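A.B. asks: Right, I'll just put the structure down here and ask away after.
The values are calculated or read from the model by the stated rules, or taken from the named source; none is laboratory data. Not measured: the values here are computed from a predicted model. Cβ sites come from the backbone with ideal geometry, for glycine too, and all protein chains shown count toward neighbours. Heads up: the accessible areas ignore ligands, DNA and RNA and are worked out on the full protein's heavy atoms, side chains in. Shrake-Rupley method; radii C 1.70, N 1.55, O 1.52, S 1.80 Å.
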Amino acid sequence: MRIPIVLSIFLAAIKCMCIADVNAQSTAMDSLSNSAYAQSYSWQQLYDFTVLNKVWLKDEVKSNFNRLDANAFLAKGKWIDAQGATQLRTLNLGTEGKTNLGRFSVWGKFNYHRSMEDSTRLRHQTRTNADAPVYFGSLRNNYYERNVYTMQALVQYGFDQQRLPVTLGVDYLVGNHFSNNDPRGRVSDFQLDLSAAVGRVLSNGDIHVKLLYGYGRERVGVGYKNDRYANNTADPLYINYYMNGFGRAKDQVRDIRYNDDFIRYGTDLLFSWNVFTDYKVFAKAGWLYEQQFFKFYDSTPLTYSPLNKYKRNTYDLDVLLKSSASDASPRVYRLRAGVVDGRDYNYEIAQNNYVYRKESLLLEASDRFKNTSVKAALGYESTDSEDGSVAVSLAYQTLKPALEINQQIPVAVQSSLIPRISISYNHVLDSEFSLPSAFIPIFTQTIMQHNYLYYSTSSYQLGLGLDYQVNHARLGNVVIGLYSDYWQPSASMEKTNDIAAPGKDRFQSGIRLTAFF
C-alpha cells in the first residue's frame, strides 16, 4: 500500500515546518501550546473557518501548529438513514501542519479513512454525493469496505510588502468502495479542486476574490460471483435496483455500470474588517455551480448512452465575529447560511424530472472561561425532493440546538484530564410525504418510507469523552482520548412497513491518539 510512503512524506514536511525559522509577530495565539490551541473551541472555530475559506491563513492560524492523529471507533444500531450501515468500524489516520516562512504561509493536510460496514443496503454510493438522482441499491444487507484518501494544501504569498496576498489551494480525493457478497458493487471515485485568490490589505481590513475549478468522476459496476443469483428474478433480496430520479426505480438484475463525470466552478468574495474596539468581522459570500453527467456504458468501452444530467447551484454565506485575543482565547460567533438548488434532465423521458432544494442556517458561539471551553449552536434545515413522473416527494424542516463543554483539570505538573459532554436535539418542525401506492416498486417504497420515518422523527444525541494529556519538553504534547455517543428518536414512529422502519437507537464508541509537535 502507498499509505506509509505518503504519510512519511507529509511527516517529513511537517517536521521541516517545526524547525523552520519563523519570524512572524508573536501573538496570544502563537504563545499557546498546540494542545491548548486544539482544546479551545474558540480557536478551533476560527481555525476551521480560516482553513475552509483559505485567504486568512497567515494571521488567523497558529504558526507551527502541527499534529498527527489516529482515531478508531465502532458504531452500532439501526437509527440510520437509508444509506447507513447497521454496524460500522472505522480507522482514520491524518496529519496536518502550518507555518510562516518569511512572506510565505503554508498549510497542508493528509487523511486516510478506512471503514468496514456490515449490513448496508438500499442506496449504495460513495456517500459524498447524497442528492444525486442516479444510484443503485438492493434490499439485501451487504458488507462494504471503503478506503478514502484526501489531501489538501494551501500556500499564500504576500506581494507589495504583504499588502497584496495571493493564495493558491488544492483539494484532492480518491476513494475505492466495494462489497464482497452478492449482489456485489464496486464504486471508485476521485475529485480534484483548484482555487486561486487575490486580495488587497486595506488600512482597517482586507478584501479578496477567489475562483474555483474542479472535476471528478464516480465509476460504478455491479456483478455477482454466484451464477444462481446472477439469473435470479424471483427473490427481491438478490435483485439490483437502478434509480434514475427520486422514485423511478426499476429492477435490473445485471449490467449496471455507469459513470458520473462532473465539473464544478465558482467564485467567492471575502473581506475582513475591524469593528468597534475589540472585534473583527470576517465574511464570505460564494456561488458554486456543479454539473453531473451520468452515462451508461455498453459492451463497447468507447460508447455510452446518456442517463441523466444533474445541475446544482450552491449559494452560501459564512460570517465570523471574534473578539481581540488578548487573553487565552477569543470570543467567537459564527453564522452560516446556504441554499442548494438542483434539477436534472432525464434522458429516459427527455425532460426535467427531479428537483432538489436545501436551505440551511447555523448560528454558533464559542468562548472559554478559565479552564472551561463552551460551544453552543442552533441550526435550521429545510429539504425538499420531488420526482415529477411518479409523484414521489419528501420535504422536512428541522431545528437543532446543541451544546458542548470541556474542562481541563490538572492532575500533575505535566499532565491533565479533559472531560467533555455534548448534547443536541433534532426537532422536526414539519414534514410532508407523497408516495402513490399504484405501480410503485418495492424498492422505492422501502427506501422512501425508511427515509421519511427517519427524517420526520425528532431525536436527541448525548456524547461523553475523556482525554488524558501529557506535556513533554522533547516529545511535545500527546493526548489519548476515549469517547462515546448515543442517538435515539424522541418519539415513536408510525410504521407502515416494518422492513422500511429505522431502528430504536444508535451507539458509537472510540479511541483517539493525537500528537502535537
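A.B. asks: Which three lengths, in whole Å and largest first, does segment 41-195 cover when its Cα atoms are put on their principal axes?
C.D. replies: Between the extreme Cα coordinates on each principal axis of segment 41-195 lie 63, 29, 22 Å.
A.B. asks: Right, next: Sort 369-375, 86-92 by packing, meaning the average of other beta carbons within 10 Å per residue, with the highest value first. Intermediate results must be reported in sequence, preceding the final value.
C.D. replies: On the way: 369-375: 15.0, 86-92: 17.1.
Averaged packing, sorted descending, gives the order 86-92, 369-375.
A.B. asks: Another question, if that's okay. Give the relative contact order (percent, whole number) for segment 242-367; include only Cα pairs under 8 Å separated by 6+ residues. Provide the component values of the computation, followed by the final result.
C.D. replies: Values: 282 pairs, mean separation 24.8, N = 126.
Here the relative contact order equals 20 percent.
A.B. asks: Further question on the same structure: For the charge dipole of segment 355-477, defined by +1 on Lys and Arg C-beta atoms and -1 on Asp and Glu C-beta atoms about the Cα centroid, which residue among Leu462, Ile405, Val355 has the Cα displaced farthest towards the positive pole?
C.D. replies: Farthest along the dipole direction, towards plus: Ile405.
A.B. asks: Considering only C-alpha atoms, what is the centroid distance from segment 149-175 to segment 62-123, in Å?
C.D. replies: A separation of 21 Å, based on Cα centres.
A.B. asks: Taking the full set of protein chains and a 1.4 angstrom probe, give the accessible area of Arg67 in square angstrom, rounded to the nearest 10.
C.D. replies: 40
A.B. asks: Next question. Out of Tyr241, Thr383, Asn71, whose Cα points farthest toward the positive end of the dipole of the chain (charges: +1 Lys, Arg; -1 Asp, Glu; placed on Cβ)?
C.D. replies: Asn71
A.B. asks: Then there's this: Using Cα pairs closer than 8 Å and at least 6 residues apart in sequence, work out the relative contact order for segment 125-239, in percent. Write out the running numbers ahead of the final one.
C.D. replies: Working: 223 pairs, mean separation 27.6, N = 115.
For segment 125-239, the relative contact order is 24 percent.
A.B. asks: Could you tell me which residue out of Gln125, Leu91, Asn53 lies farthest along the dipole of segment 45-135 toward its positive end? Charges go on the beta carbon: Lys and Arg +1, Asp and Glu -1, centred on the Cα centre.
C.D. replies: Leu91
A.B. asks: Further question: Could you calculate the contour length gain from Asp227 to Phe159, that is, 0.36 nm times the residue separation minus the distance between their Cα atoms, to one decimal place in nm?
C.D. replies: On the way: separation 68, 0.36 × 68 = 24.48 nm, distance 6.52 nm.
Full extension of this stretch gives 18.0 nm more.
A.B. asks: Next question. How many angstrom lie between the Cα centre of segment 342-362 and the Cα centre of segment 365-387?
C.D. replies: Cα centres, segment 342-362 to segment 365-387: 28 Å.
A.B. asks: Let me ask something else about it. In nm², what is the average projected area of the convex hull enclosing the Cα atoms of segment 95-134? Walk me through the numbers before you get to the answer.
C.D. replies: Values: hull surface 20.7 nm².
The orientation-averaged projected area of the Cα hull of segment 95-134 comes to 5.2 nm².
A.B. asks: Can you tell me, using C-alpha contacts under 8 Å and at least 6 residues apart, the relative contact order of the chain as a whole percent? Walk me through the intermediate numbers first.
C.D. replies: Working: 1405 pairs, mean separation 64.1, N = 517.
For the chain, the relative contact order is 12 percent.
A.B. asks: Next up: Ignoring ligands, DNA and RNA, how do Ser437, Ser382 rank by accessible area with a 1.4 Å probe, largest first? Mind dumping the intermediate values first?
C.D. replies: Values: Ser437 105, Ser382 20 Å².
The residues order as Ser437, Ser382, largest area first.
A.B. asks: Sort His450, His113, His472 by accessible area with a 1.4 Å probe, largest first.
C.D. replies: Correct descending sequence by accessible area is His472, His113, His450.
A.B. asks: Going from most exposed to least, what order do Arg512, Arg163 have by accessible area with a 1.4 Å probe?
C.D. replies: Numbers: Arg512 75, Arg163 100 Å².
So the residues, ranked largest to smallest area, are Arg163, Arg512.
A.B. asks: Same structure again: Roughly how far apart, in whole Å, are the Cα centres of segment 270-287 and segment 430-482?
C.D. replies: 33
A.B. asks: What does the charge dipole of the chain about its Cα centre add up to, to the nearest 20 debye, if the Cβ of each Lys and Arg holds +1 and the Cβ of each Asp and Glu holds -1?
C.D. replies: Dipole magnitude for the chain comes out near 1000 debye.
A.B. asks: Oh, and also: Would you mind getting me the FRET efficiency between Glu348 and Leu403? Use the beta-carbon distance for r and R0 = 56 Å, nearest 0.05. Working shown, then result.
C.D. replies: Working: r = 48 Å, r/R0 = 0.85.
Step by step, r from the Cβ atoms, then E = 0.70.
A.B. asks: Let me ask something else about it. Residues in segment 156-190 near a label at Tyr143, defined as backbone nitrogen under 14 Å from the 7 Å Cα→Cβ point?
C.D. replies: 178-185
A.B. asks: Rounded to the nearest 500, what is the 222 nm mean residue ellipticity of the chain from helices alone, with -39500 (n - 2.57) per DSSP H run of 4+ residues and division by all residues?
C.D. replies: Details: 7 runs with 62 residues, N = 517.
The helix contribution divided over the chain gives -3500 deg cm²/dmol.
A.B. asks: Continuing with this model, one more query. With +1 on each Lys and Arg Cβ and -1 on each Asp and Glu Cβ, and nothing else charged, work out how big the dipole of segment 138-231 is about its Cα centre, in Debye to the nearest 20. If you can, show how the numbers build up before the last one.
C.D. replies: Working: 11 positive and 9 negative charges, 64 e Å.
The dipole magnitude comes to about 300 debye.
A.B. asks: Let me ask another. Between their Cα atoms, which of Lys98/Lys358; Lys225/Lys309; Lys78/Lys311; Lys284/Lys400; Lys78/Lys109; Lys210/Lys370 are more than 27 Å away from each other?
C.D. replies: Details: Lys98/Lys358 34 Å; Lys225/Lys309 32 Å; Lys78/Lys311 33 Å; Lys284/Lys400 24 Å; Lys78/Lys109 33 Å; Lys210/Lys370 38 Å.
Beyond 27 Å between Cα atoms: Lys98/Lys358; Lys225/Lys309; Lys78/Lys311; Lys78/Lys109; Lys210/Lys370.
A.B. asks: Please give the length that would be gained between Asp131 and Asn274 if that part of the chain were fully extended, namely 0.36 nm times their separation in residues minus their C-alpha to C-alpha distance (nm, one decimal).
C.D. replies: On the way: separation 143, 0.36 × 143 = 51.48 nm, distance 3.89 nm.
Working it through step by step, the gained length comes to 47.6 nm.
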